Amino acid sequence: MKLYNLKNISLIILFTFIIFKFFNTPYNIYSILLSNYEKRMTKAYGFCENESWGFYNLVIKKFDLKNKEIKIIHDEDNITLESLTNLKRSDRNVKYLMVLNYQSKNDENIYDSDYDFIKKYKTIHRSNNCYLMVRK
Amino acid sequence: MIELLAIILQLVIFLVVFSFPFQPKSLNRFLNLKNNTLTYLDAHALNIVFFVYLAIIFSFINLDLKVLFKSHIILSIIFFIVNFKELKSNISKPGILNFFIFLLIIISIFFSISLNLKLNWDGHHWIEKALVFFNGLNIQEISNVKTHPHYPHVGSYIWAYFWKNSLLELEYLGRFFQPYFYIISIFLFLNLLKNQSNNFRLLFIFFIILITFEPYLLAGYQEYLIFSSLIVAARFINLINFKDYTNYKIIFLIFLIFYTLCWFKDEGTVYYIIFSSFLIIFLNESIQKKLLFISSIVLLLVLQYLLQKYLIGIYDFPQKITFTEVYNDVVNIKIFITKIYKITLHILISFIKYPLWLLSIFSLIGLMLMKINLNKTSQYYVCCLILNICFIFVIFFTFRSFDFMLKVSLDRLLFQTSGFYAVFLFMFLNKIR
């Protein structure tokens, strides 16, 4: 009986090690404890790179954009994250415009871009190459 | 810390809500099976299928997800308490070990998703539908989503259901349903391995998880729903006696499991037609009865069409195939051979990517080499396999963006059905034992 229990306990320990190693569980738990949801989302989608979730999160909070209509341009043709951020994306020239990962050369600024409609907007927040603009 | 609690709570919720309504004892009685034929795991898997049907029905009714969940959880808790005695009597030492390993695996996957919470490409499309339900909008709004509005919505509904009813209302918590269903379905394989020690079976289950775990597909894709449903179906096909006696209840149950595929993805409809039709063909029944079965399959398809067309307002398939285009490609021998070669090559690559396919095919070859006359169950699977591969050739042959589709979707299509044919592997292992 004792031998049976010992065998079972050894087996459980062995399985636990294998599973934890395969899924990286202790590290995952530690990372979840260390970085909150927002940090992990920013790490996954970038702040002003890749999909730029960090920028979305920042301006939504700062300018209370939740459920507001917004035109979003991602200059690297990456996927946009309105579904994950409770924004209503519009193709019309609505009040707000978000330009993400704007690609520029030399001393070009955003008003030199090929998007003519940008001239109708003024920047209210900028982080690196990400802009939140509002209609003039 | 609160997020860790939310993750653990999500697991507890799954364990409770999927204990409702079936129990092994009542299920064995209802399906006219011997006692202990179906285990607690089988009942749990069927409860998930039952929940999928609830999701199909309630997605059309537009009931508040929170109200629905409260009713669901209260009913499940009452049911859990009432049946606690039976549950306790089913507990065995190997059972406890299996349950412990199950918990370890599933919670590890949950933590892994929680850390790597990025949605992958298709996930951004499926989430649009999930948001329709999450925001409590009418089901008709599905026809207004930007990407693929015609795709089935039930996977997204389930996502929204658990997302809305999670402790922190975080998107990724809603996605936990898929890995949960996946691990439950893999553990069903325990019931297919006969005459082996529990430790061997556990090791084997872990090995299957090792070769089928694909985090990319758990990031918003729907592939695992089809994969897991097919394994559940395979488990119940294993109970059919094709030679003489037909248990109609089991047959209808399998049809119902297959039918859920139509509500996950478009290709699910094709699997439903292929796998159900062959099931009927292989039954030892009169032509009249077979025709009756065929009619019920068609009826269910018509029902789905009507519901999608008139309640959602959209029913379509991703690509319109023009006969002349396909004809031109077939008669042009150079194009024909190039396309067939490329499809074959990508199928082989996918087999290597998802080695469960290789194991299943080698097991089938092994069974043939052992000069064992394939029984009717094996013949059924072989026919399904042949038609399944033919379907892949035909559908990819007709794709306009042929090379792109080969690269991005053929492997996923093959992954969906890989669990279904894993039955060959178990047949082989049971024979060599």
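The values are calculated or read from the model by the stated rules, or taken from the named source; none is laboratory data. The structure presented is a predicted model; accordingly, all values stated were derived computationally and were not measured. With ideal geometry, Cβ positions are generated from the backbone for all residues, glycine too; neighbour counts draw on all protein chains shown.
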Six or more apart or on different chains, Cβ atoms under 9 Å: show the pairs whose first residue is in region B:280-302 and in the same structural domain as B:Leu256 (by TED's automatic domain parsing) and farther than 28 Å from B:Ile56 by Cα and whose second is of a type in the set (Lys, Arg) and loosely packed, with under 12 Cβ neighbours inside 10 Å.
B:Asn284/B:Lys243
When B:Ile81 is run through (1) away from chain A (no Cβ under 14 Å); (2) part of a loop (DSSP other than H, G, I, E, B), the failure sits at (2)
Checking the structure you have, find out if any residue of region B:130-148 is among the charged types (D, E, K, R) and without any contact (Cβ under 8 Å) to a residue 12 or more places away in the chain.
yes
Out of all the residues in region B:187-209, is one or more of a type in the set (Gly, Ala, Ser) and closer than 13 Å to B:Phe102 by Cα?
no
Only residues that are aliphatic (A, V, I, L, M) and over 27 Å from B:Glu169 (Cα atoms): list them for region A:83-99, please.
A:Val94, A:Leu97, A:Val99
Condition broken by B:Trp121, with the remaining ones in (1) more than 24 Å from the chain's Cα centre (by Cα); (2) assigned to a loop (DSSP other than H, G, I, E, B); (3) within 13 Å of chain A (Cβ to nearest Cβ) satisfied
(1)
Residue within region B:177-185 that is part of a helix (DSSP H, G or I), farther than 17 Å from B:Leu97 by Cβ and either charged (D, E, K, R) or within 14 Å of chain A (Cβ to nearest Cβ) (or both) present:
yes
Suppose the filter is surrounded by 20 or more Cβ atoms within 10 Å (Cβ to Cβ), at pLDDT below 95 and basic (Lys, Arg); does B:Lys129 pass it?
yes
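Tell me, which helices (runs of 4 or more DSSP H) lie completely within region A:1-113 with 3 or more residues that are at the interface with chain B (Cβ under 10 Å from one of its Cβ atoms), surrounded by 13 or more Cβ atoms within 10 Å (Cβ to Cβ) and free of Cβ contacts under 8 Å to residues at least 24 places away in the same chain?
Of the helices (runs of 4 or more DSSP H) lying wholly inside region A:1-113, those with at least 3 residues that are at the interface with chain B (Cβ under 10 Å from one of its Cβ atoms), surrounded by 13 or more Cβ atoms within 10 Å (Cβ to Cβ) and free of Cβ contacts under 8 Å to residues at least 24 places away in the same chain span A:2-23, A:25-34, A:37-45.
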Tell me whether region B:80-97 contains one or more residues that are surrounded by 14 or more Cβ atoms within 10 Å (Cβ to Cβ), free of Cβ contacts under 8 Å to residues at least 12 places away in the same chain and of a type in the set (A, V, I, L, M, F, W, C).
no
B:Thr269 - would you say it is among the hydroxyl-bearing types (Ser, Thr, Tyr), surrounded by fewer than 22 Cβ atoms within 10 Å (Cβ to Cβ) and within 19 Å of B:Phe420 (Cβ to Cβ)?
yes
Regarding region B:92-113, can at least one residue be identified that is more than 11 Å from every other protein chain (Cβ to nearest Cβ) and not in a helix (DSSP H, G or I)?
yes
Residues being under 20 Å from B:Leu300 (Cβ atoms) and surrounded by fewer than 19 Cβ atoms within 10 Å (Cβ to Cβ): count how many of those fall in region B:233-260.
7
Please specify each residue of region B:322-345 satisfying the condition of being hydrophobic (A, V, I, L, M, F, W, C) and either assigned by TED's automatic domain parsing to the domain that holds B:Ser277 or farther than 14 Å from B:Phe396 by Cβ (or both).
B:Phe323, B:Val331, B:Ile333, B:Ile337
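With B:Lys407, B:Lys353, B:Lys431 as the choices, which residue is under 17 Å from B:Phe189 (Cβ atoms) and among the charged types (D, E, K, R)?
Result: B:Lys431 is the single residue among B:Lys407, B:Lys353, B:Lys431 that is under 17 Å from B:Phe189 (Cβ atoms) and among the charged types (D, E, K, R).
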Of those in region B:142-173 that are surrounded by fewer than 19 Cβ atoms within 10 Å (Cβ to Cβ) and either in contact with a Gly (Cβ under 6 Å, 6 or more places away or on another chain) or in a helix (DSSP H, G or I) (or both), the residue nearest to the other protein chains (Cβ to nearest Cβ) is B:Asn144
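Return yes when B:Ser185 is closer than 20 Å to B:Phe110 by Cα, surrounded by fewer than 22 Cβ atoms within 10 Å (Cβ to Cβ) and touching a residue at least 24 places away in the same chain (Cβ under 8 Å) and no when it is not.
Considered against the rule, which asks whether it is closer than 20 Å to B:Phe110 by Cα, surrounded by fewer than 22 Cβ atoms within 10 Å (Cβ to Cβ) and touching a residue at least 24 places away in the same chain (Cβ under 8 Å), B:Ser185 comes out as no.
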Could you please let me know if B:Ser378 is among the hydroxyl-bearing types (Ser, Thr, Tyr) and touching a helix residue (DSSP H, G or I) at 6+ places or on another chain (Cβ under 6 Å)?
no
Within region B:337-357, of all residues that are aromatic (Phe, Trp, Tyr) and touching a helix residue (DSSP H, G or I) at 6+ places or on another chain (Cβ under 7 Å), the one surrounded by the fewest Cβ atoms within 10 Å (Cβ to Cβ) is B:Phe351
Taking A:Tyr4 as meeting all but one of (1) hydroxyl-bearing (Ser, Thr, Tyr); (2) at pLDDT below 90; (3) under 30 Å from A:Thr123 (Cβ atoms), write down the number of the exception.
(3)
